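Notes to accompany the following structure.
Read-outs: derived from the displayed coordinates by stated rules, not from any lab. Worth saying up front: this structure is predicted, and the values here are computed from it rather than measured. Counting neighbours? That spans all protein chains shown, and the Cβs are built from the backbone with ideal geometry, glycine included.
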């Protein structure tokens, strides 16, 4: 997150020292063969994809092969990443059958940008689906707020009979973490958009409106077919 902020400074100022700082920071982790220090795909931790956004920026600027291999390694995780029965990414291997709102921020912007860079045109439909599933399963009808996560297996102590978080945890997390993470994920992921015939397109646009309070005409203009 800090490096994405520095990337914003670089883009705003055009001063190359900021980009050099970003690249130098990531070089501490990315080896010449494209492997990533301390990264283990078998952990299937969606948090580990977040810095893939920074690696994509470095690759797009430098074209260096090691960064291409590094982002391809992260993309490979999503191919095998465990999912709920509905198709949502588990937050982590150690949290089976659970989707968390901050997982949208951690994984989906990288997933969408990777698809844009490498021409995986159908991927954004899967990205949109992740938001739709959280909307479907974690919205509190009484308050209109979103719970931090839900447990499809309904096995966790914090899960109610519907698989969502308890009222106490929901109150703690809904505004502080979940709302910010979900909005950030939505609008970081929106550059490559869902295809015009995507069956979740209408619901995805509805998610945008609920999460941001934006005018409906803006979201409709964004979501309408090109």
> Using the count of nearby Cβ atoms within 10 Å as a rough guide to exposure, how do 39, 59, 111 rank from fewest to most?
Replying inline: 39, 59, 111
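May I ask you to derive the FRET efficiency for residue 117 and residue 139 from their Cβ-Cβ distance with R0 = 41 Å, giving the value to the nearest 0.05? If you can, show how the numbers build up before the last one.
Working: r = 32 Å, r/R0 = 0.79.
Rounded to the nearest 0.05, the efficiency is 0.80.
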>> How far apart, in nanometres, would the label points at residue 47 and residue 158 be if each is projected 7 angstrom from Cα along the Cα-to-Cβ direction?
In response: 1.2
